[in-house]
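The values are calculated or read from the model by the stated rules, or taken from the named source; none is laboratory data. Bear in mind the structure is a predicted one, so any value in this text is a computation, not a measurement. Methodologically, a virtual Cβ is constructed for each residue, glycine included, from the backbone with ideal geometry; neighbour enumeration extends over all protein chains shown.
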Amino acid sequence: MEIASLVVILIVAVCIILTMFFLLGYLIKRNKAGLRNAAISFAIAALSIGILISVEEIFFSFNRANKEELLVASREAPIGGILLKLYTDSTFEIGGFREVTSTGVYKLKSDTLLSIIPNKEQKQVEGFTQTTFIIRGNYLEEVPNKGINFLEIHLNKLK
């Protein structure tokens, strides 16, 4: 979805420049066509932003079923990051901050061990098959480290 975002940003930038150009033309020549063109280019910019926001919310948002979140943890990185959400129905979603890349079920063993098992038909996170986390304070530590390493807990209703 990043390419689509860049295209929309480019369209919006061009439309804003055209809007300014047409407005200046209207102010200098008092030509009503310039005012109409400014309104059209501004409307295209606003419509592009609205469509991008709608598409991202509909197709690329976490928690489409409005399930109750039990635990939310993430780790930021210079390129992307990881977001993990556990729900009360023993399901999880993991991926970047913009899209879900894998879903499945989790098992809570004892009060500190999480076992994450993705669905086989889902797109995988770089070979992500199964992992286990230990809750230590405000962090989830991956045991053994398979690439995620740790996640900072933002919401924890497991207690």
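Would you mind finding the one in L52, L70 that is at pLDDT 75 or above, in contact with a Ser or Thr (Cβ under 7 Å, 6 or more places away or on another chain), surrounded by 17 or more Cβ atoms within 10 Å (Cβ to Cβ) and part of a helix (DSSP H, G or I)? Please lay out each step first, then the result.
Numbers: L70 fails: part of a helix (DSSP H, G or I).
Answer to the check: L52.
Can you say whether A33 is under 26 Å from the mean Cα position of the chain (by Cα), more than 22 Å from E99 (Cβ to Cβ), at pLDDT below 85 and not acidic (D, E), as far as the supplied structure shows? No. With respect to S41, determine if the residue is modelled with pLDDT of 80 or more, of a type in the set (G, A, S) and either in contact with a Pro (Cβ under 7 Å, 6 or more places away or on another chain) or surrounded by 18 or more Cβ atoms within 10 Å (Cβ to Cβ) (or both). So S41 fits the description; yes.
Give I28, I40 a once-over and let me know the one that is within 32 Å of the chain's Cα centre (by Cα) and assigned to a helix (DSSP H, G or I). Talk me through it step by step, then tell me what you get.
Working: I28 fails: within 32 Å of the chain's Cα centre (by Cα).
Unique residue meeting the criteria: I40.
Restricting attention to the stretch 16-52, the residues being closer than 29 Å to G80 by Cα and not aliphatic (A, V, I, L, M) number 2.
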